[in-house]
Amino acid sequence: MLRWRKSSFSKTSEGDCVEIAWRKSSLSQGGGSDCVEIAHNHPHVLVRDSKNITGPVSRPAVTRWESFLSHLPRAER
């Protein structure tokens, strides 16, 4: 289920901006890690570089993302 939260850009009571709930891998242990963040945005999964959150975002279809994950060893998912 997609969970929305109020954006940090919504500074006033009139601002009703929302953000997508990005998630970083639980295996990421610090600032120097090479990680990606994902967010579910049906029918796509959003993928971005956690070190460059304003950079490009990949938008593979959920079925393509699940296919990608199925090829990873269990410990890397």
Among all residue pairs at least 6 apart or on different chains, which show Cβ distances below 9 Å where the first residue, located in the range 28-39, is closer than 14 Å to PRO60 by Cβ and among the hydrophobic types (A, V, I, L, M, F, W, C) and the second is at pLDDT below 70 and outside any strand (DSSP E or B)? ALA39/LEU2
Those residues of the range 49-60 which are at pLDDT below 90 and not in a loop (DSSP other than H, G, I, E, B), in sequence order: ASP49
Tell me, please, whether a residue that is modelled with pLDDT of 85 or more and not in a loop (DSSP other than H, G, I, E, B) can be found in the range 28-38. yes
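The values are calculated or read from the model by the stated rules, or taken from the named source; none is laboratory data. Since the model is a prediction, treat every value here as computed from it, not as a measurement. All Cβ positions, glycine included, derive from the backbone under ideal geometry; neighbour counts span all protein chains shown.
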